[in-house]
Amino acid sequence: MPLMKAIQVSAPGADFELVEKEIPEPNEHEVLIKVEACGICHGDAIVKQGYYPGLQYPRTPGHEVVGVIERLGDESHHWQVGQRVGVGWRGGYCGACRSCGKGEYWACENPLATGISTDGGYAEYMIARMDVLAAIPDDLSSVEAAPLLCAGSTTLGALKNCTAKPGDLVAIHGMGGLGHLALQFAVKMGFNTAVLSRGTDKEELARSLGAQHYIDTDAGDAAEQLMRLGGAKVILCTAPNSEAIASLVNGLSRYGQMIIITFVNEPMQISPGVLMRGVRSIGGWIGGNMNDTLKFSLLTKVVPMVEVFPLEQAAEAFDKMMSGTVHFRAVLKMGGENDG
Ligand SMILES: [Zn+2]
Ligand SMILES: [Zn+2]
């Protein structure tokens, strides 16, 4: 049997291990993908730490995957061997639950999550269901396209569905993998965009990407500074820090909306009165449409800024992502440096 290299986690809290294992066979309605690139997302910590109920080990993480179809499990009118495709967080839906019955597949009550319920893209090959694939446009390299599939589609989805209109003040909290894409999308959508980040290191870059305002959250009360600008219609929270998120609610304008798109395990403390004053609200957002994101990214020329690592350095890349020192999305690239 032919073998492949893959990274796996054997138990909650265990280190990444580089292993050799058999290349899997696609079943009906599945494809085998030869992986070219896989982004490293904060959501991968779910596998590393065992935060997901019923997660089975060993597991290979990775849900920002771009690769080429190597084999089809059965005939398809839509997908062909050799085609470049992407796989995101959503690995499949049951088709039978209440949400699926309403056509709301994204809210499936028994979902498959790529790299969590099934093995993901920290590997040379992976299996994916045909009905969750996105075709990757020729004008995007695999390394550029990968982060658009989770970080990109989540941030764009949240912004497209928020209550702000062009010209409104939208604050992006955090300037990492999610934040640097959210900033660029918000600018292209015509929002008056503020970046909130610790220190001043990222100010120049934020402004060069179109931010009208930059607020150093280490230098005074960031919510107060937002109120001086009139209050944010939307604060998009991408930095995984419950305390910092809670402290920003006071920076929302009347009817302002806080949208959390970062996975945090710590509870948040908010005084209810803060929400009543100004009729503010706090909500979350997950996922987004990969095809829309790839299209919007090409249209507006928004591409992720990435640091590329070989598969063998997945642990180092993951640690850099977790410590917030990666600029700005870590991407694993398989098979050397000769392709995009
Ligand atoms: Zn993700
Ligand atoms: Zn379902």
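The values are calculated or read from the model by the stated rules, or taken from the named source; none is laboratory data. Predicted model only: the values in this text are computed from it and were never measured. Reconstructed Cβ throughout: ideal geometry from the backbone, glycine too, with neighbour counts over all protein chains shown. For the accessible areas, the whole protein counts, side chains as well, though only heavy atoms, and no ligand, DNA or RNA atoms are used. Shrake-Rupley method; radii C 1.70, N 1.55, O 1.52, S 1.80 Å.
Does at least one position in segment 160-172 carry a residue that is under 11 Å from the mean Cα position of the chain (by Cα), of a type in the set (A, V, I, L, M) and not in a strand (DSSP E or B)? For segment 160-172, residues under 11 Å from the mean Cα position of the chain (by Cα), of a type in the set (A, V, I, L, M) and not in a strand (DSSP E or B): absent.
Scoring W89 on the criteria (1) over 29 Å from L311 (Cβ atoms); (2) within 16 Å of ligand 2 (Cβ to nearest atom) leaves a single failure, condition (1).
Inside segment 206-224, can you point out the residues that are open to solvent by 50 Å² or more (accessible area, probe 1.4 Å) and either within 23 Å of G152 (Cβ to Cβ) or among the β-branched types (V, I, T) (or both)? Hits for segment 206-224 are R207, S208, Q212.
For segment 103-119, the candidate set comprises residues that are closer than 25 Å to V9 by Cβ and away from ligand 1 (no atom under 16 Å from the Cβ); within that set, the residue that is surrounded by the most Cβ atoms within 10 Å (Cβ to Cβ) is C108.
Checking every residue in segment 143-159 against the condition of being small (G, A, S), under 18 Å from the mean Cα position of the chain (by Cα), open to solvent by less than 10 Å² (accessible area, probe 1.4 Å) and within 20 Å of V81 (Cα to Cα) gives at least one match.
Screening segment 178-190 for residues that are touching a residue at least 40 places away in the same chain (Cβ under 8 Å) and open to solvent by less than 10 Å² (accessible area, probe 1.4 Å) and picking the one that is nearest to M227 (Cα to Cα) gives A186.
Hey, any hits in segment 60-83 for a residue that's basic (K, R), out of contact with any strand residue (DSSP E or B) (no Cβ under 7 Å at 6 or more places or on another chain) and on the phi < 0 side of the Ramachandran plot? The answer is no; no qualifying residue exists. Taking segment 225-272 only, how many residues are without any contact (Cβ under 8 Å) to a residue 60 or more places away in the chain and open to solvent by less than 30 Å² (accessible area, probe 1.4 Å)? Residues in segment 225-272 being without any contact (Cβ under 8 Å) to a residue 60 or more places away in the chain and open to solvent by less than 30 Å² (accessible area, probe 1.4 Å): 7 in total. Of the residues making up segment 288-324, just one is under 15 Å from the mean Cα position of the chain (by Cα) and among the aromatic types (F, W, Y), namely F318.
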